[in-house]
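Student: First the structure, which I've put down as structure tokens, then a few questions once you've had a look.
Nothing in this text is a laboratory measurement; each read-out follows from the coordinates by a stated rule. Treat the numbers as computed from the prediction; the structure is a model and nothing was measured. Using ideal geometry, Cβ is built from the backbone for each residue, glycine included, and neighbour counts are taken over all protein chains shown.
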Amino acid sequence: MRTYTATVTVRLKSGVLDPEAETTKGALQRLGFELSALRAADQYELDLEADNEAAARERVEEMAERLLANPTIHDYEIAVAEAETAT
Amino acid sequence: MTVAVIQFGGSNCDRDAVRALNYLDIDAERVWHEDELPADTTGIMLPGGFSYGDYLRAGAMAARSPIMDDVRAAAEAGTPVLGVCNGAQVGSESGLTGGAFTTNKSARFQCEHVYLRVENAETPWTDAFEQGDVIEIPIAHGEGRFEITDERYTELEANDQILFRYCDAEGNLTEEANPNGSTGNVAGILGERDSVAVLMPHPERSTLPDIGGTDGQGILTGFRG
């Protein structure tokens, strides 16, 4: 078994209104910054033990499907990396 | 026979729901989500509140609570199920109904009276009304904006699964009358069966005459069967 860290990024699908991001963008503009768009996303980092990277990814995909993301409004991305082991 | 009002950690409209149902001579009791549904359950209400502190997404955690497997099974067997506010979010997250309820367009929590137009009066929840009737019910939510894919929205409309839409006092579906930016002004929808429904407004808060309007009575009487 190896230790992996999976990073799950959950964001609203393109075209779904994000009022919190709009509010944040407005606040930045009030501070005088110039920007044309702001997108927000939630990111989860999971440490897990698995036989290999594919097995780790498969398990994390199921977590994203069943809880972390809502497929009606969200897209998600998963990145898996082997954790650096302390020696 | 009893209506099981499921109490999750963070539910806060469960007592109001029981009291409103009892006022309508409908037997009801609170059932903790870690317990089992009573054997004589004839209806299930998912009440409002902030289950699990709205962590992750409103309703997401409660929707994965073990009792929801029993609620889904009961719903498929024809038991009436009504989700209100957080209960609507739980119902949506659990797949009892389609779409999703997410952050209000205003990005604010909104607590106000709204008008609803009855879109489908051929359901247990709207049997007391006529199609096109305008009723007044309060909302209290921060994540009530109904979102759904275009394809699924078309299906909802085609299958008469839209129960209520936000409207003005005359029944017009305007942007101003849409408190949270919901797709199609949708305030409440049906599941696959018309015995399963969710809505963001609170019928239990407009049932007891002493605290205001009584337009919610006609919705809750859906539990009489």
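Student: Give me the pairs, please: first residue somewhere in the stretch B:52-70 and within 12 Å of another protein chain (Cβ to nearest Cβ) and under 12 Å from A:ARG66 (Cα atoms), second residue anywhere and of a type in the set (S, T, N, Q) and part of a loop (DSSP other than H, G, I, E, B), beta-carbon distance under 8 Å, and either six or more positions apart or on two chains.
Tutor: Close Cβ pairs satisfying both conditions: B:ALA60/A:ASN70; B:ALA63/B:SER94; B:ARG64/B:SER94.
Student: Could you count how many residues in the stretch A:1-59 are farther than 30 Å from B:ARG145 by Cα and of a type in the set (Phe, Trp, Tyr)?
Tutor: 1
Student: Consider A:ALA64 against the criteria (1) at the interface with chain B (Cβ under 9 Å from one of its Cβ atoms); (2) closer than 24 Å to B:GLU151 by Cβ: it satisfies all of them except one. Which criterion is unmet?
Tutor: Of (1) at the interface with chain B (Cβ under 9 Å from one of its Cβ atoms); (2) closer than 24 Å to B:GLU151 by Cβ, only one is false for A:ALA64: (1).
Student: Scan (1) more than 10 Å from every other protein chain (Cβ to nearest Cβ); (2) out of contact with any helix residue (DSSP H, G or I) (no Cβ under 7 Å at 6 or more places or on another chain) for the single condition B:SER92 breaks and write down its number.
Tutor: Among (1) more than 10 Å from every other protein chain (Cβ to nearest Cβ); (2) out of contact with any helix residue (DSSP H, G or I) (no Cβ under 7 Å at 6 or more places or on another chain), the lone unmet condition for B:SER92 is (1).
Student: Need pairs with beta-carbon distance below 8 Å; first residue within 14 Å of another protein chain (Cβ to nearest Cβ) and surrounded by 12 or more Cβ atoms within 10 Å (Cβ to Cβ) and within the stretch A:17-45, second part of a helix (DSSP H, G or I) and of a type in the set (Val, Ile, Thr); sequence gap 6+ or separate chains.
Tutor: Going by the 8 Å Cβ cut-off, the qualifying pairs are A:LEU38/A:THR24; A:ALA40/A:THR24.
Student: Looking at (1) in contact with a Cys (Cβ under 6 Å, 6 or more places away or on another chain); (2) surrounded by fewer than 21 Cβ atoms within 10 Å (Cβ to Cβ), which one does B:LEU208 not meet, given that it meets all the others?
Tutor: With (1) in contact with a Cys (Cβ under 6 Å, 6 or more places away or on another chain); (2) surrounded by fewer than 21 Cβ atoms within 10 Å (Cβ to Cβ) applied to B:LEU208, the lone miss is (1).
Student: Would the stretch B:23-40 turn up any residue that is in a helix (DSSP H, G or I) and closer than 17 Å to B:ILE219 by Cβ?
Tutor: Checked against the condition, which is being in a helix (DSSP H, G or I) and closer than 17 Å to B:ILE219 by Cβ, the stretch B:23-40 yields at least one hit.
Student: Could you count how many residues in the stretch B:173-197 are surrounded by fewer than 19 Cβ atoms within 10 Å (Cβ to Cβ) and assigned to a strand (DSSP E or B)?
Tutor: Total satisfying the criteria: 0.
Student: A further question on this structure: Within the stretch B:21-43, identify whether any single residue is within 28 Å of B:THR103 (Cβ to Cβ) and within 15 Å of the chain's Cα centre (by Cα), and answer yes or no.
Tutor: Within the stretch B:21-43 (the criterion being within 28 Å of B:THR103 (Cβ to Cβ) and within 15 Å of the chain's Cα centre (by Cα)), the answer is no, since none of the residues qualifies.
Student: Does B:THR79 meet the test of being hydroxyl-bearing (Ser, Thr, Tyr), farther than 16 Å from B:PRO201 by Cβ and within 14 Å of chain A (Cβ to nearest Cβ)?
Tutor: Judged against the criteria, B:THR79 is not a match.
Student: Taking the options A:THR72, A:THR7, name whichever one is touching a residue at least 60 places away in the same chain (Cβ under 8 Å), within 29 Å of B:GLY95 (Cβ to Cβ) and either of a type in the set (S, T, N, Q) or in contact with a helix residue (DSSP H, G or I) (Cβ under 8 Å, 6 or more places away or on another chain) (or both).
Tutor: Just one listed residue meets the conditions, A:THR7.
Student: Of all residues in the stretch A:1-15, count the ones that are within 13 Å of chain B (Cβ to nearest Cβ) and surrounded by fewer than 18 Cβ atoms within 10 Å (Cβ to Cβ).
Tutor: 3
Student: Looking only at the stretch B:99-114, filter to residues that are hydroxyl-bearing (Ser, Thr, Tyr) and crowded, with 22+ Cβ neighbours inside 10 Å; which one of those is nearest to the chain's Cα centre (by Cα)?
Tutor: Going through the qualifying residues, I end up with B:THR102.
Student: Next up: Sort out for me the strands (runs of 3 or more DSSP E) sitting completely within the stretch B:108-166 that have 3 or more residues that are within 13 Å of chain A (Cβ to nearest Cβ) and in contact (Cβ under 8 Å) with a residue 24 or more places away in the chain.
Tutor: B:145-147
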